[in-house]
Amino acid sequence: MYNDEKNLYHYTYRRDGAEPTFGESLHTPGGQPGSQGPELEGKPVKKNRLGLKITALALSCALLGGAAGGGAVWAAGRLGGGGNESEISVSNRPVTQVALRDVDGKTALSDAEVYAANVNSVVSIRTSATAGYNFFGQPVQSASAGSGFVLSKDGYILTNYHVVKNAETVTVTLYSGDEFEARYIGGEEDYDIAVIKVEAEDLQPVTLGDSATLNVGDHVLAIGNPLGELTFSMSGGMVSCVDRAINVDGTPFNMIQTDTSINPGNSGGPLFNQYGEVVGIVSAKYSQSSGGTTVEGLGFAIPMNDVFSMVKDIMTNGYVTNRAWLGITPQTMNESWAAQFSYDQKTGVFVCSVEAGSAAEKAGLKMGDVIVKVDDTEIKTVEDLNLAKKKYSAGDAAKLEVYRPDGNVTLDLTWDAAPRDEQAQQQDQPARQAPDGGNGGYDNRDGGYYSDPFDMFRYFFG
């Protein structure tokens, strides 16, 4: 009970309100340690907050003193002056100094050393664009965030294509806090890479590594801008799979799979190996399966080897000059189309149209053909064709196995280079759907739509 109404912080456990004498146990009502008097009632006890603050302050001072003076033991006697003491050991370990090592491709680095060596090469990216117009006709701005990394001292930066796609402004922030407005140099949507540039000098570039040397189980690290606000965060994990084929919004990718924590805002950032080299470009994370099941630990990065030559091409020419181009309007074959055309072939890529003068026309492809194989790669969908095409560059040769109603044929193909204007339109993508949502093909000569496949044939053959 409180001993004095005016002194609310003065409390005694004695039923009569009297003060205990010095040395008398507060835990036994009889005043003698260990006496078998009746136990106290289980009433709530109000905390002496002033006493707690003073005790906390004393503990903080003791800890600081122990840290400053080396290893120490902090001791406190029990309330009432008992002889027993509670001891807390305080470490005297000094603060670890992280060595700033050069990335030489030969020396394995600790995680802290990888971060110290590369954090100044990673950038935070913010973009803005006009997302539409409101009721009053005023533009509505949208904003997004991502990551990137410095390729050269004079300001070339690599990121994901989807990070800067359709952006009207791109702002780059360095670890130092310096901000720059960046301009778009070029990109390749099929590989989800883009190069931007800031006007700066003496930036610290990363060291690119060989992604083909990665093995399942290798330790990897990602530095980026998760959630668009937790800038320059590092996460770590291991390589879960190499050469993982995944489909992102209809586009096939060959990826490094990792359980490294990846979140929105990490896109475009670097994936480092244990030597501090960039071996991948963080690009995607699965958080939910097609069946709606929540999943964890499924992050993906684009292998550096797959895009290195393209990146150099973009830096030099503004676009990928040697990207393989076929020159057709493709459509995934299905049972409905097969039934309407009386085709025996129910899978593959249906050729809706052939561009004049293209590699497809030179090889002998015709509208109505169905591509079923490229060299030894079986083709069942447009995604299969796009993935197979990524293995080739302009000038490479390939054999196409093609279904025709009167018998299959094998055609010799030499891939063309995608013209710059055609690349901007992302040719060889799936034919657009008809306005009514049907399976009509797309006529790329005049922008019209076919209401059904028979209309397509009637258009060309009268």
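No lab work stands behind these numbers, since they all come straight from the coordinates. This structure is a prediction, so every number in the text was calculated from the model and none was measured. So basically every Cβ, Gly included, is an ideal-geometry build from the backbone, and we count neighbours across all protein chains shown.
Grab the other residues whose beta carbon is less than 9 angstrom from that of R183, score K and R as +1, D and E as -1, and report the net. Around R183, the charge tally is -1. If you take all other residues with their beta carbon under 14 Å from the beta carbon of I302, and give Lys and Arg +1 and Asp and Glu -1, the sum is -3. The charge dipole of segment 327-384, taken about its Cα centre with unit charges on the Cβ atoms of Lys, Arg (+1), Asp and Glu (-1) only, comes to about 180 debye. Pop the C-beta distance of I88 and E296 into the FRET formula with R0 = 35 Å and round what comes out to the nearest 0.05. Once the sixth-power term is evaluated, E becomes 0.40. Annotation: for a label point projected 7 angstrom from Cα along Cα→Cβ of N120, residues of segment 241-285 with backbone N closer than 19 Å are 270, 276-278. Between N247 and A112, the FRET efficiency estimated from the beta carbon spacing at R0 = 35 angstrom works out to 0.45. Close amide-amide hydrogen proximity is noted between V170 and A182, each under 5 Å apart and 5 or more residues distant or on a separate chain (H modeled in the peptide plane; Pro and chain starts excluded).
For I193, the amide hydrogen comes within under 5 Å of the amide hydrogens of Y161, E188, counting only partners 5 or more places away or on other chains and with H modelled in the peptide plane. If you bin all the Cα-Cα distances of segment 141-292 at 5 Å, starting from zero, the percentages per bin are 2, 9, 19, 23, 22, 15, 8, 3, 0, 0.
Stretched out straight at 0.36 nm per residue, the stretch from D412 to A131 would grow longer than its current Cα-Cα span by 96.6 nm. Residues whose amide H falls under 5 Å from that of S267, counting only those 5 or more places apart or on a different chain, are S147, with hydrogens built in the peptide plane. The value of relative contact order for segment 279-360, using C-alpha pairs under 8 Å at least six residues apart, is 22 percent. Phi angles across segment 362-369 convert, under the Karplus curve 6.51 cos²θ - 1.76 cosθ + 1.60 with θ = phi - 60°, into 3J(HN,Hα) values of 5, 7, x, 5, 10, 4, x, 5 Hz, Gly and Pro given as x.
For the pair D344 and L230 in one chain, pulling the backbone fully straight at 0.36 nm per residue adds 35.5 nm over the alpha carbon distance. What the phi angles of segment 158-165 give under the Karplus curve with 6.51, -1.76 and 1.60, with θ = phi - 60°, is a coupling list of 9, 8, 7, 4, 6, 6, 10, 4 Hz, glycine and proline written as x. How large is ³J(HN,Hα), in whole Hz, for each residue of segment 212-225 in order, when computed from phi with the Karplus curve 6.51 cos²θ - 1.76 cosθ + 1.60 and θ = phi - 60°, using x for Gly and Pro? Calculated HN-Hα couplings, in order: 5, 7, 5, 10, 4, x, 5, 7, 9, 9, 10, 10, x, 10 Hz. For the pair D396 and N305, the difference between a 0.36 nm per residue extended length and the Cα-Cα distance amounts to 30.9 nm. Contact order for segment 215-281, expressed relative to its length and based on alpha carbon pairs under 8 Å spaced 6+ residues apart, stands at 36 percent.
Within segment 174-230, the GluC sites (Glu not before Pro) that combine a DSSP coil assignment with at most 11 other C-beta atoms in a 10 angstrom radius are E199, E201, E229. Using a cutoff of 8 angstrom between alpha carbon atoms and counting only pairs six or more residues apart, the relative contact order for segment 201-360 works out to 17 percent.
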